[in-house]
Amino acid sequence: MPLPLYLLAMAVFAMSTSEFMLAGLLPDIASDLDVTVGTAGTLTSAFAVGMVVGAPLVAALARNWPRRSSLLWFILTFAAAHTVGAITTSFPVLFATRVVAALANAGFLAVALTVAATLVSSDRKGRALAVLLSGTTVATIAGVPGGSVLGTVFGWRATFWAVAALCLPAALGILKAIPAGGAKEEATGGPVLRAELARLTRPPLLLVMLLGALVNAATFGSFTFLAPVVTGTAGLSELWISVVLVLFGVGSFTGVAVAGRLSDQRPGLVIAVGGPLLLIGWPALAVLADEPVALLALVFVQGALSFALGSTLITRVLYEAAEAPTMAGSYATAALNVGAAVGPLIAATTLSTAVGNLGPLWASGLLVTITLLIAFPFRTVVAAGPSAEVLR
C-alpha cells in the first residue's frame with residue numbers, strides 16, 4: 001500500500017478519536033454543562049448528522065478543488081472547532097462545534113476515500129479501505145481510551161485540546177505527501193456531477209448503503225452508551241471504561257484487518273458468518289453485562305464483528321458507486337454516518353425504559369435483525385464480488 005494512504009489514515013485517526021471519544025466523556029460533559037446524559041448523547045448524533053449532510057454537499061463543492069488543499073482546509077477547520085469546544089461553557093455552542101467539526105470531517109473523509117481508491121488498482125478497494133479505516137480502529141484502541149483517561153484525570157476539555165493538537169502533524173504529513181494536482185485534472189473525461197448523482201437511483205447501491213447504515217447504527221447505538229454499562233450494570237470503576245473501549249478498539253482493528261482481505265473477492269463469506277454472530281452477540285452482551293469477564297470478552301467480539309461486517313458493506317458501496325469517481329467516497333461516508341446519527345438517538349430512547357442501561361444493547365440486536373431480514377432476499381446482490389465493470 002502506498003505511503004500517502006497511511007498518512008491519510010493518520011488524519012482519520014485524529015478525526016475518529018473525536019468522533020468516538022464522547023463514549024467515555026458523556027457523564028462528565030453532562031455534569032459540567034448541566035444537561036442529562038441522554039442530552040449529552042445528542043452530541044454524537046449532531047456529529048453524525050453533520051457528516052451525513054456534509055459528505056455529499058462538501059464533496060460536490062470540492063470535486064474540482066485541488067485535493068491536497070481541500071484535505072488541509074478540512075483538517076485545520078476540524079482543529080479550530082475543537083479549540084472552540086474546549087473553551088466553551090455553553091452546551092448549544094459545544095453542539096454547534098460538533099456540527100462544524102462534522103462538516104469538516106465529512107469533507108475530508110469523502111475526499112480521502114476517493115483519493116484512496118485512486119491510489120490502488122481497481123480490484124483492491126477493500127484493502128485500501130481497510131488501511132484508511134485502520135485510522136478509525138486505532139483511534140478506538142489508543143485515541144479514545146487515552147482520551148477517556150485524559151478526561152478522567154484532567155477533565156473532558158483536555159481531550160478536546162488533545163484532538164486539536166493531533167490534527168497538526170496529520171496536516172503536515174498531508175502537505176508533504178499528497179500531490180498538489182487538481183481534482184478536475186485527475187477526473188478529465190470522467191462523468192459530470194449529474195451523472196454521478198444519478199448513480200444514487202440504482203437499487204443495488206441504495207441497498208448496500210442502507211445495510212451499512214443499519215449495521216453502523218447498531219454499532220454506535222451501543223458504543224455511545226458503553227460507559228453507563230461499565231460503571232452501572234457491571235459495577236466497575238470509571239477507569240475500567242478505558243479498558244472496555246480498548247477491547248472494543250482491538251476487536252474493531254481485528255475485524256477490519258480480516259475483512260479487508262476478504263471483502264474484495266469474498267464479501268459473502270464475511271456477511272454470512274459475521275451477520276448471524278453479530279445478531280447473537282448484542283443480546284448476549286445485554287444478558288451477561290453484569291458479569292465483568294463476560295462483558296470484557298463480548299465487547300471485544302462485538303467490536304470485531306461490527307467492523308468486519310460494516311467495513312465489508314461500505315466496500316460494497318465503493319464498488320457499486322464505481323462510476324461516480326468523485327462522489328463515491330461521499331456516498332460511503334453518508335451511509336456510515338446515517339447509522340452513526342440514528343443509532344445513538346434510538347439507543348437514548350431506551351435508557352428511560354425498564355431495561356435502563358442495557359437498552360442500547362437490545363436496540364442494537366434489533367437493528368442487526370432488521371439488517372439481516374432486509375439482506376436475505378437480496379443476498380446474491382449484497383454478496384457479489386467485484387463486477388467485470390469495476391475490474392475493467
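For region 1-69, carbon and sulfur atoms together expose 65% of the accessible surface, with a 1.4 angstrom probe and every protein chain in place. What you get for region 239-333, charging only the Cβ of Lys and Arg (+1) and of Asp and Glu (-1), is a dipole of about 160 debye around the Cα centre.
Only the Cβ atoms of Lys and Arg (+1) and of Asp and Glu (-1) were treated as charged; on that basis the dipole of region 9-118 about its Cα centre amounts to roughly 560 debye. Per-peptide packing, taken as the mean over residues of other Cβ atoms within 10 Å, places 216-224, 352-360, 68-76, 327-335 in the sequence 216-224, 327-335, 68-76, 352-360 from highest down.
Geometric descriptor of region 46-86, per residue, is 61 Å³ (volume of the convex hull of the Cα atoms).
Among residues other than Ala110 with Cβ under 14 Å from its Cβ, the summed charge is +1 (Lys and Arg +1, Asp and Glu -1).
Please get the size of the charge dipole for region 259-392, origin at its Cα centre, with Cβ charges of +1 on Lys and Arg and -1 on Asp and Glu, quoted in debye to the nearest 20.
Numbers: 5 positive and 6 negative charges, 45 e Å.
Roughly 220 debye, rounded to the nearest 20.
Lys/Arg Cβ at +1, Asp/Glu Cβ at -1, dipole of the chain taken about the Cα centre: which of Leu109, Val37, Thr152 is farthest positive-ward? Selected residue: Leu109. When the charge dipole of the chain is built from unit charges on Cβ atoms (+1 for Lys and Arg, -1 for Asp and Glu) and taken about the Cα centre, the candidate among Leu247, Ile374, Val342 whose Cα reaches farthest toward its positive end is Ile374.
The per residue volume of the convex hull around the alpha-carbon atoms of region 241-392 is 114 Å³.
Around Asn337, with a cut-off of 14 angstrom between Cβ atoms, what is the net charge of the other residues, counting Lys and Arg +1 and Asp and Glu -1?
On the way: positive: Arg98; negative: Glu19.
Spelling it out: positives minus negatives among the neighbours equals 0.
Placing unit charges on each Cβ (+1 for Lys and Arg, -1 for Asp and Glu) gives the chain a dipole about its Cα centre, and among Gly135, Gly281, Ala86 the Cα reaching farthest toward its positive end belongs to Gly135. Based on alpha-carbon atoms, the Kirkwood radius and the radius of gyration of region 1-98 give Rg/Rh equal to 1.02. In plain terms, the C-alpha convex hull of the chain casts an average shadow of 16.7 nm² when viewed from every direction.
The values are calculated or read from the model by the stated rules, or taken from the named source; none is laboratory data. Here the structure is a predicted model, which is why all the values come from computation and not from measurement. Here Cβ is always computed from backbone atoms with ideal geometry, including for glycine, and neighbour counts include all displayed protein chains. Side chains included, ligands, DNA and RNA excluded: accessible areas come from the protein's heavy atoms. Shrake-Rupley method; radii C 1.70, N 1.55, O 1.52, S 1.80 Å.
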